[in-house]
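The values are calculated or read from the model by the stated rules, or taken from the named source; none is laboratory data. Owing to the predicted nature of the structure, the values given are computational and were not obtained by experimental measurement. When we count neighbours, we look across all protein chains shown, and the Cβ atoms used for this are built from the backbone with ideal geometry, even at glycine. Calculation scope for accessible area: heavy atoms of the full protein, side chains included, ligands and nucleic acids excluded. Shrake-Rupley method; radii C 1.70, N 1.55, O 1.52, S 1.80 Å.
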Amino acid sequence: MNKVVSKAKIMEQFKDGQRIMIGGFANRGNPDKIIDLLVESKVKNLTIIANDAGDPGITNGKLVRSGQVKKYICSHVGMNPEAGEAASEGKFELELVPQGTLAERIRCGGAGLGGVLVKTGIGTLIEEGKRKIEVDGETYLLETPLKADISLVKAHKADTMGNLVYRGTSRNFNPLVAMAGKLVIVEAEEIVPAGSLNPDEIITPGVFVHMILDSREV
């Protein structure tokens, strides 16, 4: 099955109020062209789940600047003063999650788990409103899974069936994000015919991928 689609088909998927998860880490491995399409769509009241808020006007920062975000769930906004200012002014709700916990919550969402027990955040503001569970005399916080209506993923290579290869540290959150979305849309630096990838280099199997942006259109 060829999963390569037009940008118009991808833009049809974006709706107001969606939870959208985005791969990437500090502007590396972000699906920048799909983010541009999301901005172009002008949908609003989005909940964005990502490692960070990018830099001003770059990658995820484009969504902060466009005013489309209702809530941001991420590990930090330190690279983007616009995001910190917007959150302080109440333009969107900001939920900060320790980076390792964020990764595990996304992994739980993709794996169908009920949550993960962590010590990170005990005795801080992070624990407010969360359930504490004791195991063998140790106290943990129960961190619940994160899932999304749409996951946006960046790959180095994709075959037409959606099998994905990542390159270096650009891999980062992308494989986790690819498992945690109801609809997974991929941007790839190179699209190759089905069967041409070495099976040993495939990280995300095509079963998780629904659409691949046709690179000839952007």
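Worth pointing out:
- For segment 1-130, alpha-carbon Rg relative to the globular expectation (2.2 N^0.38 Å, N residues): 1.10
- Of the whole protein surface, LEU213 contributes about 0 Å² of accessible area at a 1.4 Å probe radius.
- Heavy atoms of ASP200: accessible area, 1.4 Å probe, square angstrom to 10: 140
- Proximity of backbone amide H atoms, modeled 1.01 Å from N, is registered between ALA188 and ALA155, LEU213 at under 5 Å, excluding neighbours fewer than 5 places apart on the same chain.
- Computed extension gain for GLU12 through LYS71, at 0.36 nm per residue and net of the alpha carbon distance, reaches 19.1 nm.
- Spatial separation of Cα centroids for segment 103-121 and segment 139-165, in angstrom: 13
- Rg to Rh, two decimals, where segment 114-184 supplies the alpha carbon set and Rh follows Kirkwood: 1.15
- Building the convex hull from the alpha-carbon atoms of segment 8-53 and averaging its projection over directions returns 3.1 nm².
- Cα→Cβ-extended label distance, 7 Å offset, between ASN2 and ALA26, nm: 4.0
- For the chain, share of DSSP beta bridges that run antiparallel, in % to the nearest 5: 30
- Protein accessible area in the chain, 1.4 Å probe - carbon and sulfur %: 51
- Cβ-derived FRET efficiency at R0 35 Å, ASP136 paired with LYS44, nearest 0.05: 0.15
- Largest-first principal axis extents of the Cα set of the chain (Å): 53, 42, 28
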